[in-house]
1. Just to be sure I understand the model, the point goes 7 Å from the Cα along the line to the Cβ. What's the resulting residue 42 to residue 156 distance in nm?
2. Pull out the extension gain between residue 80 and residue 111, defined as 0.36 nm times the separation in residues minus the alpha carbon to alpha carbon distance; nm, one decimal.
3. Distance between Cα centroids, the range 89-133 to the range 209-231: provide it in whole Å.
4. Can you give the angle from 0 to 90° between the axis of helix 171-183 and the longest principal axis of the chain, with both taken from C-alpha atoms, to the nearest 10?
5. Take residue 145 and residue 226, extend 7 Å from each Cα along the Cα→Cβ direction, and tell me the distance between the two endpoints in nm.
6. Kindly work out what percent of the DSSP beta bridges joining two residues of the chain are antiparallel, to the nearest 5.
7. Relative contact order of the range 158-220: what whole-number percent is it, with Cα pairs under 8 angstrom and at least 6 residues apart?
8. Given the chain, what whole percent of its Cα pairs are spread farther than 32 Å?
């Protein structure tokens, strides 16, 4: 197994770096991802699966959701009561599209984990697409810093879960958290991020003498994916 992230319950545990402590200090955040999505190896199996989901392939989306339902079951014991589930919104949308992968994944997993699925609590401005772009981390943070807007959370909310299809540097998660904190100041709320893929570059890590792959993903997840009609 070769990974640049810790593995927890078969998922990648992703640290979000450079959080603005003056903005997000009341929040703790853990982000979990199923597999790496390699930007420079599109033939890799899990990368193909994730990219097909991004392209809207209905069979791959259904397979992904069935795997993610199993992969995230351990979170049920980690979350507190009164947990709200939110989702990232597509770059060209201002509210979550109920036909999108994020909506379908968020709704199904929320039901399985007994979360209060409330995607209507956040909205955003349209922005240029970021996945597949060559923007620096600083540029991505600048583009997304203030695009999300959040309504006030129910007063008894203890935890929020944020769903997204892909995570690169956590820019979207940070933007959502900023908006939640802005509308809910002085609240101590735990946050968990759940995404299907973590974008990485094999060649970047190879320059540092590290080879990364998706061997951490259990074979039973591949079997479940194929059994659901996926690749």
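What follows draws every value from the coordinates through simple rules; no lab data is involved. All of these numbers come straight from a predicted model, not from anything done at the bench. All Cβ positions, even for glycine, are placed from backbone atoms using ideal geometry, and neighbour counts span all protein chains on display.
1. Output for this residue pair reads 4.9 nm.
2. On the way: separation 31, 0.36 × 31 = 11.16 nm, distance 1.52 nm.
Length gained between residue 80 and residue 111: 9.6 nm.
3. A separation of 24 Å, based on Cα centres.
4. Helix 171-183 and the main axis of the chain meet at about 10 degrees.
5. Going from the residue 145 label point to the residue 226 one covers 4.8 nm.
6. Numbers: 9 of 35 bridges.
Taking every DSSP beta bridge with both residues in the chain, the antiparallel ones total about 25 percent.
7. Values: 48 pairs, mean separation 27.8, N = 63.
Computed value for the range 158-220: 44 percent relative contact order.
8. On the way: 3712 of 26565 pairs.
Result for the distance tail: 14 percent.
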